[in-house]
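> Take a look at this one; I'll ask things after.
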Amino acid sequence: MKTLLLLCLLCSTLVVRAADLPPGVMEMDGRPAPALQLENIDGKSWDINQARGHWLFIHFWASWCGPCRREMPTIQKLMETLHNERIEIVLVNTAETEDEVFSFLGIVAPDLVPLMDTNGLVTQAWQPRGLPATFLVDPGGRIRYLALGGRNWSSPPYLGFLHRIINP
């Protein structure tokens, strides 16, 4: 009887936690994040190992992707909203040239400075299962959440969710 009660309590906790997730965000198993070391479009190097200690919003995208196009302005707003929070927003462009990325961002989200995965090897290591894909990595370097497909990251459900995880 105690085991059944404990199991029911555990299941109800999981249901509440799942109910707190905004649409399209899935809880992950907490596996370690793969390596991620790239240069941004301006030539500055970024390494995930140097970013421990705060949450990471790692977003894989491409300019040819329709949902990515619609989502980018919301990510720019998200960056403006969360600029003083304990989260770093990292954009990883998947296998495009600097000219393609620069032209796209100049129109859609001019303040964003993405990392350039020109050969696609980092994207392959992360295995996003499609674009856009956003991984939320905890301060210890473990993948805690995944969002597949485009969404309005600057809307209240997503902002509230991000505030809850970075400020528990």
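The values are calculated or read from the model by the stated rules, or taken from the named source; none is laboratory data. All values reported here derive from a predicted model rather than from experimental measurement. Ideal geometry is used to build each Cβ from the backbone, glycine not excepted, and the neighbour counts take in all protein chains shown.
> Can you pull out every residue in the stretch 136-152 that is within 18 Å of Asn49 (Cβ to Cβ) and not charged (D, E, K, R)?
Listed by number, the residues that qualify are Leu136, Val137, Pro139, Gly140, Gly141, Ile143.
> Any residue in the stretch 21-45 that is over 10 Å from Ala147 (Cβ atoms) sitting within a Cβ distance under 8 Å of a residue that is basic (Lys, Arg) and modelled with pLDDT of 95 or more? List the pairs, counting only those 6 or more apart or interchain.
Glu27/Arg144; Met28/Arg144; Gly30/Arg142; Gly30/Arg144; Arg31/Arg142; Pro32/Arg142; Ala33/Arg142
> Please name all residue pairs, on different chains or six or more residues apart, with Cβ atoms under 9 Å, provided the first residue is in the stretch 80-98 and is part of a loop (DSSP other than H, G, I, E, B) and the second residue is among the β-branched types (Val, Ile, Thr).
Going by the 9 Å Cβ cut-off, the qualifying pairs are Leu82/Ile89; Leu82/Ile166; Glu85/Ile166; Arg86/Ile166; Ala95/Thr118; Ala95/Thr123; Glu96/Thr118; Thr97/Thr118.
> Follow-up. Within the stretch 7-16, does at least one residue satisfy the condition of being within 25 Å of Ser154 (Cα to Cα), modelled with pLDDT under 95 and part of a loop (DSSP other than H, G, I, E, B)?
no
Residue-wise test of (1) within 23 Å of Gly66 (Cα to Cα); (2) at pLDDT 95 or above; (3) assigned to a helix (DSSP H, G or I); (4) not hydrophobic (A, V, I, L, M, F, W, C).
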position	(1), (2), (3), (4)
Pro128	yes, yes, no, yes
Leu131	yes, yes, no, no
Leu136	yes, yes, no, no
Gly140	no, yes, no, yes
Ile143	no, yes, no, no
Leu146	yes, yes, no, no
Ser154	yes, yes, no, yes
Leu159	yes, yes, yes, no
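> Can I ask one more? Are any of the residues in the stretch 104-118 in a loop (DSSP other than H, G, I, E, B), of a type outside the set (Val, Ile, Thr) and over 20 Å from Trp46 (Cβ atoms)?
Quick first cut of the stretch 104-118, residues in a loop (DSSP other than H, G, I, E, B) only: 109-114, 118.
Still in the list and also of a type outside the set (Val, Ile, Thr): 109-112, 114.
Next, from what is left, pick out any that are over 20 Å from Trp46 (Cβ atoms): none.
No, every residue in the stretch 104-118 fails to be in a loop (DSSP other than H, G, I, E, B), of a type outside the set (Val, Ile, Thr) and over 20 Å from Trp46 (Cβ atoms).
> Given the conditions (1) over 24 Å from Glu27 (Cα atoms); (2) touching a helix residue (DSSP H, G or I) at 6+ places or on another chain (Cβ under 9 Å); (3) free of Cβ contacts under 8 Å to residues at least 40 places away in the same chain; (4) surrounded by 13 or more Cβ atoms within 10 Å (Cβ to Cβ), which single one is not true for Asp117?
Here Asp117 clears every test but (3).
> Additional query: State the number of residues belonging to the stretch 35-89 that are surrounded by fewer than 14 Cβ atoms within 10 Å (Cβ to Cβ) and touching a helix residue (DSSP H, G or I) at 6+ places or on another chain (Cβ under 6 Å).
Residues that pass the stated criteria total 1.
> Among the residues of the stretch 122-141, how many are loosely packed, with under 14 Cβ neighbours inside 10 Å, in contact (Cβ under 8 Å) with a residue 12 or more places away in the chain and not hydrophobic (A, V, I, L, M, F, W, C)?
Filtering the stretch 122-141 for residues loosely packed, with under 14 Cβ neighbours inside 10 Å gives 124-125, 127, 129-130, 140.
Now restrict to residues that are in contact (Cβ under 8 Å) with a residue 12 or more places away in the chain: 125, 129-130, 140.
Filter once more, so that each one left must be not hydrophobic (A, V, I, L, M, F, W, C): 129-130, 140.
Adding up the residues that qualify gives 3.
> Within the stretch 155-168, can you find the residues that are hydroxyl-bearing (Ser, Thr, Tyr) and within 13 Å of the chain's Cα centre (by Cα)?
Pass one, the stretch 155-168, residues hydroxyl-bearing (Ser, Thr, Tyr): 155, 158.
Tyr158 - this is the single residue of the stretch 155-168 that is hydroxyl-bearing (Ser, Thr, Tyr) and within 13 Å of the chain's Cα centre (by Cα).
> Kindly indicate whether Ala109 is touching a Ser or Thr at 6+ places or on another chain (Cβ under 8 Å) and without any contact (Cβ under 8 Å) to a residue 60 or more places away in the chain. Before the answer, list the steps.
Numbers: touching a Ser or Thr at 6+ places or on another chain (Cβ under 8 Å): no; without any contact (Cβ under 8 Å) to a residue 60 or more places away in the chain: yes.
No, not satisfied.
> Taking Arg164 and the conditions (1) out of contact with any Ser or Thr (no Cβ under 8 Å at 6 or more places or on another chain); (2) surrounded by 14 or more Cβ atoms within 10 Å (Cβ to Cβ), which numbered condition does it fall short on, given that it satisfies the others?
Status for Arg164: all satisfied but (2).
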